[in-house]
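Input: a single structure, listed below in structure tokens.
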Amino acid sequence: MRSSRRIQDMQTPTDGVSTPRSRSSLRRSSRFHSSKYPPSLASARRRSAFRSLSKRKIQQSRPLEETLDPAQVALLVQKQWTLYSVTPMYKFSYTRLKEYSRHLSAYIAAEKQKGLAIEVGSELNLKATFSCLPGLKGKDRDPLAVLIQISAKSPLTKPNTDDRVVWTGWFCGTYTEDEILDLIPSTFTSLPLFLYNGAEALTALVGSWCQRNFDCCFGKLLISSQDLMWLAAMWTGQEMQGRSPSTELVFSVPVEPRMDISYSIKAEDFKTLWNEIQKSEDEVTIEEVDQLFQCLNSHFFRHFKIHLSITQLIKVTVPVASAHCEGKVKFLSKDYLIRVLGFITELAMNNIPC
């Protein structure tokens with residue numbers, strides 16, 4: 001058990017990505033037009049959210065995963081990503097990615113000329129590049145994931161030197177339900193999950209550009225304690241390269257100064273307990289998740305006389321991924337990348353800003 005004081009981080013607006021200079025105007029302009037947004041989609045999302053609270057299927061490995069480019073996978077795993085949910089993008093076209101690259105690069109350059117600080121060096125030339133991630137799909141109907149990279153080059157750099165990537169973001173919609181895809185008009189592309197790694201100022205610029213060009217709205221995607229419990233139950237005890245790493249749960253204690261409790265469980269012990277609770281290998285129910293954590297809480301109280309029921313679960317690290325309640329995730333295994341993405345895509349779809 002260990003404790004730590006709270007570190008104050010720069011907060012991202014919960015109602016959308018915005019530039020530091022004009023937040024309110026961006027929020028007004030980024031709203032989805034009610035005449036375009038299908039009302040039936042909201043009811044489908046509510047039904048999907050209700051189902052997800054009672055049980056979840058455990059997705060199995062699919063042949064699509066084999067088409068993932070190893071170089072692209074290396075860009076995605078072992079990095080911390082910040083999560084956003086995104087409304088469907090109006091008139092987005094996969095055939096215009098080169099055009100989008102030019103336009104976003106020009107937009108960033110124009111904002112730099114206005115004196116906007118971008119946190120990566122004002123002397124650098126920045127270039128945006130859009131591309132696809134073909135294998136990042138759970139099923140054939142899923143829309144292609146889209147990768148955006150911003151690279152930097154100093155004016156003094158030699159011509160043949162590779163640009164340095166300073167910001168990466170990507171849109172995806174892995175294992176999106178067919179019912180929801182059927183309700184989205186053909187003029188929209190549904191990629192409800194957005195993840196980024198890099199400077200917040202560049203994130204704000206990318207978000208602002210996307211809002212203006214695709215009439216979409218971004219919302220910070222937080223992960224509830226309940227969903228962190230689901231994550232722990234669904235993917236703990238997995239063997240990674242012949243070893244089974246421990247599962248770590250971090251709880252926040254409601255005291256001042258801030259204290260966190262780190263609860264580490266050996267993989268084999270967690271797996272043994274879970275095997276006694278789980279009734280089906282293909283799905284997990286909310287009753288099983290609650291029973292699992294009741295057992296863990298009882299064990300912790302027996303040793304430390306602390307009731308974890310009065311704390312809040314804020315972080316989970318299992319062999320395949322690490323996730324924090326503030327909307328941070330790190331993918332630890334390429335073999336489970338698509339399946340964990342499917343879980344987070346579901347959270348994004350159920351929390352799309354309207």
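Sort 259-268, 215-224, 78-87 by the packing proxy (mean of other Cβ within 10 Å over each peptide's residues), most packed first. Display every interim value, and only then the final one.
On the way: 259-268: 16.3, 215-224: 22.1, 78-87: 20.2.
Top of the packing list down: 215-224, 78-87, 259-268.
For the range 210-280, what is the relative contact order in percent, using Cα pairs closer than 8 Å and at least 6 residues apart in sequence? Present the calculation step by step, with values, prior to reporting the outcome.
Details: 55 pairs, mean separation 16.3, N = 71.
After rounding, I find 23 percent.
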With the crude spin-label approximation of a point 7 Å out along Cα→Cβ, what separation in nm comes out for Ala74 versus Ile306?
4.1 nm
Measure up Lys79/Lys328; Lys79/Lys139; Lys279/Lys328; Lys114/Lys220; Lys55/Lys220 against 22 Å on the Cα-Cα distance and list the ones that go over.
Lys79/Lys139; Lys279/Lys328; Lys114/Lys220; Lys55/Lys220
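Order Arg56, Arg96, most accessible first, counting only protein heavy atoms with a 1.4 angstrom probe.
Working: Arg56 10, Arg96 95 Å².
Ranked list, largest accessible area first: Arg96, Arg56.
Can you tell me how much longer the chain between Cys132 and Asn213 gets when fully stretched, taken as 0.36 nm per residue apart minus their C-alpha distance, in nm with one decimal?
Numbers: separation 81, 0.36 × 81 = 29.16 nm, distance 1.84 nm.
This chain segment gains 27.3 nm when fully extended.
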So, in Å, what gap is there between the alpha-carbon centers of the range 268-343 and the range 193-213?
31 Å
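Which whole-number percent is the relative contact order of the range 160-230 (Cα, under 8 Å, 6+ apart)?
With pairs under 8 Å counted, the relative contact order is 31 percent.
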Simple SL model, points at 7 angstrom along Cα→Cβ for Ala109 and Lys330; separation in nm is 3.7 nm
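The values are calculated or read from the model by the stated rules, or taken from the named source; none is laboratory data. Note that the structure is a prediction, hence the values are computed from the model and not measured. Please note: Cβ atoms are built from the backbone with ideal geometry, for glycine as well, and neighbour counts cover all protein chains shown. To get the accessible areas, we keep the full protein, side chains included, count just its heavy atoms, and leave off ligands, DNA and RNA. Shrake-Rupley method; radii C 1.70, N 1.55, O 1.52, S 1.80 Å.
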